[in-house]
Amino acid sequence: MRSPRSPSARILQLLLQLERAPEWPTAKGLAVAIDRECRDELPVLPLWQLEDHYAWRTRLKGPAEVADDLYPGIDSWEIAPWFARDPW
């Protein structure tokens, strides 16, 4: 099992491909792919939290409606996959 602080094999593969990209269009496509992969892999914290209120993205599952401290139960939170919309 990989550490939560280390990138996945897929991200490492894309980064290596980006480093070796022979031309700009290939590099640009890889950068977009890395961005999309990161949306599902990177930790997601609530947008903000105050003593009595906090908000989070609708794709984030797990935060309780009421929190006594910062990010309770964060180890069990999950993010729903993000799918890019076609630009056309």
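At full extension, Arg10 and Ala80 could sit 23.4 nm farther apart than now, given 0.36 nm per residue minus the alpha carbon distance. When Thr26, Thr58 are compared by accessible area at a 1.4 angstrom probe, the order from most to least is Thr58, Thr26. Spin-label model, Thr58/Glu19: points 7 Å from Cα along the beta carbon direction are separated by 4.0 nm.
The values are calculated or read from the model by the stated rules, or taken from the named source; none is laboratory data. What you see is a predicted model, and the numbers here were worked out from it, not measured in a lab. For neighbour counting, all protein chains shown are included, and Cβ atoms are generated from backbone atoms with ideal geometry for every residue, glycine included. Areas reflect the complete protein model, heavy atoms only, side chains present, ligands, DNA and RNA absent. Shrake-Rupley method; radii C 1.70, N 1.55, O 1.52, S 1.80 Å.
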